Structure formats: C-alpha cells, structure tokens
Amino acid sequence: MLAELFPKVHRRYEQSPVAADLEEFASWLLAVGYSRENTCDHLFRLRATLERLEGLRPGAIFNEAELKLAFAAPRSAALYRGTQRAFARFLRQRGRLILTEPSDRFARLRATYRQHL
C-alpha cells in the first residue's frame, strides 16, 4: 500500500519504525473514503509525529492525553489536529485508544446530550 501511495519515496515509509501502523492507517483511511491525496497528507504527518516519540512500538495503545501531546505541532497546527482526529478514530476502532472520562460537573449532561444527538 505504501509503495502505491508514495511511488518515489516509499522506502522512507516502509523502513520507518512505525511502518506497520502507517500501512494499517493507510488502508483504513482509504476504506473509510479518504482520497488518495488526503491519505498521503495524513500519512506524512503521522509518520513525522510517531517517529518523534521515543520507544514507540507498532500496535501501541494510546490515551487521549498522550495523543494530544504527540500531535502538538507549532507549524500547521490545524493540519496536525485533523490528522490527530483521524488517527484517534482509527485507534478507537482498533481498540487502541484509552478514553478518559471527563470529571467536571457537566460531563454526564454532555454525554447524555451527545447520545441524544
């Protein structure tokens, strides 16, 4: 999949320590309807983000706070947030995202309203 998406630079992606996650994320993005161009953009940002994390193993489980911290990028913040949201959906579907329950007094009301919507 990575060779098809990045014909000229696929080795950078395939030799990445997080290549398995990139491959799986690419397949998921295309399966849920992302365009080839958007998929490539998300993979570029995800590779840059995950390779900055020390000691990360393929198939790692994240919590929401770790994910937010990992995607905190000074430049192109909106683009990285978009990739963060897509990656979070991917992780949630794979059972690899630990959700934290909000503890403020309106958390239950928001959850009920979200369910209603």
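The values are calculated or read from the model by the stated rules, or taken from the named source; none is laboratory data. Please read all numbers here as calculations on a predicted model, not as lab measurements. All Cβ positions, even for glycine, are placed from backbone atoms using ideal geometry, and neighbour counts span all protein chains on display. Heavy atoms of the whole protein, side chains included, go into the accessibility calculation; ligands, DNA and RNA do not. Shrake-Rupley method; radii C 1.70, N 1.55, O 1.52, S 1.80 Å.
Miscellaneous remarks
- Set Leu91, Leu79, Leu99, Leu56: member being among the aliphatic types (A, V, I, L, M), in contact with a helix residue (DSSP H, G or I) (Cβ under 8 Å, 6 or more places away or on another chain) and modelled with pLDDT of 95 or more: Leu91
- Gln93 touching a residue at least 60 places away in the same chain (Cβ under 8 Å) and open to solvent by 40 Å² or more (accessible area, probe 1.4 Å): yes
- Ala107 being under 24 Å from Pro17 (Cα atoms), at pLDDT below 90 and open to solvent by less than 60 Å² (accessible area, probe 1.4 Å): no
- For Arg105, the criteria (1) on the phi > 0 side of the Ramachandran plot; (2) over 16 Å from the mean Cα position of the chain (by Cα) hold in every case but one, which is (1).
- Here Glu54 clears all of (1) closer than 19 Å to Ser16 by Cα; (2) surrounded by 15 or more Cβ atoms within 10 Å (Cβ to Cβ) except the condition numbered (2).
- Scope the stretch 1-51; condition more than 15 Å from Thr83 (Cα to Cα), open to solvent by 30 Å² or more (accessible area, probe 1.4 Å) and touching a Pro at 6+ places or on another chain (Cβ under 8 Å); matching residues: Pro17, Ala20
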